Amino acid sequence: MIRYALTRLLLLAVGLAVASAIIFLTLRVFPGDVAQMIAGTNGTPEQVARIREELGLGRPLLTQYLEWIVGVFTGDLGTSFLTGTPVTAELADKAQVTVPLGILAMLVALLVAVPFGVLSAVRRGRADGTAISVIAQGVAAVPVVWAGMMLVVVFAVSLGWLPAQGFPTSTGWSTPWLALRSLLLPALTIGVVEGAMLLRFVRSATLQAIGEDFVRTAAAKGLTRTQALLRHGLPSVGLSIVTVLGLQVAGIVVGAVVIEQVFNLPGIGRMLVSDVGARDLEKVQGELLLLTAFVLVIGFVVDLLHHAIDPRQREAE
Amino acid sequence: MSFPIRRVALLAAGLTAALALTACTGQAPAPEPTEVDPDATLRVGLVLEPTTLDIRRTSGAALEQVLVDNVYEGLVTRTQDNEIVPALASEYEISADGLTYTFTLHEGVTFHGGGELTASDVVWSLNAVVEDAAYVGHDDLAGVASVEAPDDRTVVITLSEPNQNLLFTLTGPAGLVFDEGDETDLKTSANGTGPFTLESWAQGDSITFQRNEGYWGEPAGVGTVTFRYIPDFQAGISAALDGSLDVLTPVQADLASQLDGVNGFELQRGRTTDKYVLAFNNAVAPLDDPRVREALRLAIDHDGLVEVIGAGETQYGPIPSLDPGYEDLSEVAPFDPERARELLAEAGQENLQLQLTVPSFYGTAVSTFLVSAFNDIGVDLTVEPVEFSTWLNDVYTNGDYELSMVNHVEPRDFGAWANPDYYFHYDNPEVQELYAAALAEVDADASADLLAEAARIVAEDHAADWLYTAEQITAVGAGVEGFPTDSLNSRLDVSGVTLATD
């Protein structure tokens, strides 16, 4: 187990190193730079050149990259070219929106996927089971943006139950109810769509479990099919869910980038979009590295969990 | 990044309207608030967020819009009609030769940080712009020979040659007055003399002002102002409808009906100097041929375009109606596709293919209109939406384009047509001379006449097409009084706004 964990950890480190280089280089390929954005449509070429020099944009790429990486190890992601604030502090500030949003979305996805997925598998071939499958298929195909718009129209504009957009930035999580309220609709949006996708995995995993020998044996011993499934089948279903959930994290991160635009949430996703537009590369590379690290670490944890739970994998070692 | 959201926004707009109708039944009208609350919080929704607060070194209307007049002030400022009026200067005098400007400062003006305003603060602030090329407006102050303070209350600006635009430049970022030697980090905080102090800036979200209790002039009408930045137009409307905004500006024309008379909101339509310019790269073939440029202009039904956009007015020349030198030039490019086809035939360009490079956040309404208008005269137009920074790099800096469409918001920016290096690459010595003469002209009316003459030449050369001047729609909620209407894109003075609550 320890050897396995160490191997995976090494892979994680290599993955991050490669990702950091790719992020750094890809960003330099973009046309346009932050100096041009600062100078705007009234700036003269001399002005742009001067700003560029002040920001240190002309230094050799390798120097810039090494400085960045050394900084990363000391928790210093550099300073935003535009705002002059430390990138680490900005990220921490925006994370108070994006991280809870991701967790909430994940919870919603699980709440949608697990009970309905199992139900649709157990009730396969009947009207309700088929209905769930069909609805899930439809919902999974809905673009997150559109789902968000519809939820706003119903719950914020017509019913007035929840805010249509924004986050209480001035008070943050010191007013937990206000903060939570502002994240409910966005989390619901991502969660329902992601949940509908997850549901199909849960359903097929459950169907597979129903067909497993040990469930059939249990049923033969006098348990009802549902009892047998719940007692013996679900642990193996859980295993599949953990794996798929790990993959869904990437989907939720992408969903957050989109949904933060729709709901005007000052999170990492919205910041990323506006920073890319403004070519504030120092910030963009920090944001991308953090998001990449997040997805990679989740993958790492999932693998470890998987390894720990699944007896077959342990035996194979 | 934004086009799918916009498309969905249109879809959602229809649905919202339908739902709003059903939601109205059973709801009693809200009681009209009457009591003006001097300590109220005014919540204003805006679209374009500044990227930094450093107004001295960053150009861009979003920054000027909220900071000038509210937080920072200059010697002079301008009204919604673009007229120049005194601000920190109680009065000013211009010598007969137009070379010496003498300003007298108001008494008892203090900076938010506590420092007292003296003439040497003004000298220090203006000299920084004159001397340092990195400051916004440096080029506009190129003719300033000296800025001096004969005493604590007097500032004298001496020019090497007359400059009709000097006062106007002083109403912008270049003319703002800062506390001498102050070390406030202007990127994230502010220290001005205005009716509001900067309370906080939550980047990507909002900027908050507090009333400056020690303000030298009329105190602001509300205690707090929060500018909420909502880049998505539909999200802005939702925010207004769910009660989290008192004012929303601008409202996209095709969505405006959702707020018209709904929940106490009323629409104000204001004039702007926002010129949607269809730029022709005058330096590259076949656009270096005036017949081709004229043909393209004649193919555009400008009245029809304004109708499609849903707001705005036609503008056939480089100067909009709010700026000096404006005249109606509609006869220069009337809608005449027949003549356009003839011109193209004369120029031997019957199977023309052109590319339009446009920043992606402008949406597709205008470019779709142009594609079909040009198609009608046998010109095949392809549209290439690009990110704004790509546009700045490729089109603006490198001049690598055929056609481009951008909103030029700055007032009095005719100078671009007298600058052959500007991305239009329009080079006409006559226009350059007339513009120089207009700047050097001491009499304002005579200067405007020279500008009008130059503008007519530019229009007749078909150096570009001026698609339309935008109109700014503002949705003002119940209880809000005195919210400005015109030129809001570059100047949003909220000190005179009051808010009644119940």
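Points to keep in mind about this one:
- Once the Cα-Cα distance is subtracted from the 0.36 nm per residue extended length, the A:PHE214 to A:HIS307 segment shows a gain of 31.4 nm.
- Cα radius of gyration and Dmax for the stretch A:1-74 (Å): 18.1, 62
- Relative contact order for chain B: 23 percent, from Cα pairs under 8 Å spaced at least 6 residues apart, divided by residue count.
- Exposure proxy ranking for B:SER447, B:SER160, A:SER182, B:SER238, based on other Cβ atoms within 10 angstrom of each Cβ and starting from the fewest, stands as B:SER160, B:SER447, A:SER182, B:SER238.
- Counting only other chain Cβ atoms within 10 Å of each residue's Cβ, the peptide A:148-155 averages 6.
- Chain B: DSSP helices with Cα axial extent of at least 15 Å and average Kyte-Doolittle hydropathy no lower than -0.5: B:3-24, B:119-131, B:365-376, B:429-440, B:444-460
- Eligible aspartates and glutamates near B:LYS275 by straight Cα distance, threshold 13 Å, same-chain separation 8 or greater: B:GLU313, B:ASP323, B:GLU410, B:ASP413, B:ASP465, B:GLU471
- Straight Cα distances below 25 angstrom link B:LYS187 to the lysines A:LYS94, A:LYS283, with same-chain residues fewer than 8 positions distant left out.
- FRET efficiency for the B:SER146 to A:LEU6 pair, using the beta carbon distance and R₀ = 60 Å, is estimated at 0.25.
- Shielding by partners for peptide A:43-53, expressed as the average number of C-beta atoms from other protein chains within 10 Å of each residue's C-beta, is 4.
- Each DSSP beta bridge with both residues in the protein assembly as shown is either parallel or antiparallel, and the antiparallel ones are about 75%.
- Its alpha carbons give the stretch B:72-187 an Rg and a Dmax of 13.3, 40 Å.
- The trypsin sites (Lys or Arg not before Pro) of the stretch A:88-135 that DSSP puts in a loop, and whose beta carbon has at most 12 other beta carbons within 10 Å, are A:ARG126.
- Extension gain, A:LEU230 back to A:THR74 (0.36 nm per residue minus Cα-Cα distance, nm): 51.3 nm
- Mean sequence separation of contacting Cα pairs (under 8 Å, at least six apart), scaled by the length of chain A, corresponds to a relative contact order of 26 percent.
- Full-extension gain in nm, A:VAL99 to A:LEU247, via 0.36 nm per residue minus C-alpha separation: 51.6 nm
- Taking the C-alpha atoms of the stretch A:33-99, convex hull volume expressed per residue in Å³: 105
- For the stretch B:55-129, Kirkwood radius (reciprocal of mean inverse C-alpha pair distance, Å): 13.9
- Spin-label model, B:SER257/A:GLU53: points 7 Å from Cα along the beta carbon direction are separated by 5.7 nm.
- Antiparallel DSSP beta bridges within the stretch B:275-469, as percent of all bridges there, nearest 5: 55
- Three-way shape call for the protein assembly as shown based on the alpha-carbon gyration tensor, with the a/c threshold at 1.5: prolate
- Distance from the stretch A:236-314 to the stretch B:181-215 (C-alpha centre basis), Å: 36
- Here the dipole of the stretch A:87-314 is about 1040 debye; that uses its Cα centre as origin and unit charges on the Cβ of Lys and Arg (positive) and Asp and Glu (negative).
- DSSP assigns beta bridges within chain B; of those with both partners inside it, close to 75 percent run antiparallel.
- With the charge dipole of the protein assembly as shown set up from +1 on Lys and Arg Cβ and -1 on Asp and Glu Cβ about the Cα centre, the Cα lying farthest toward the positive end among the listed residues B:GLY204, B:GLY348, A:PHE201 is that of A:PHE201.
- Between B:SER160 and B:VAL308, the modelled label-to-label distance comes to 4.8 nm, taking each label 7 Å out from Cα in the direction of the beta carbon.
- Three-way shape label, the stretch B:351-499, alpha-carbon gyration tensor, a/c 1.5: oblate
- Taking every full run of DSSP H in chain A, the ones that stretch at least 30 Å from end to end by Cα along their long axis and average -1.0 or higher on the Kyte-Doolittle scale are A:2-29, A:87-122, A:176-211, A:234-262, A:281-309.
- Isotropic mean projected area of the C-alpha convex hull, the stretch A:1-145 (nm²): 14.8
- Cα gyration tensor category, rounded, prolate or oblate, for chain B with a/c compared to 1.5: oblate
The numbers here are math on the coordinates, done by the rules we state, and not lab data. Values in this document were obtained by computation on a predicted structure and should not be read as measured data. Cβ atoms come from the backbone with ideal geometry, glycine included; neighbour counts cover every protein chain shown.
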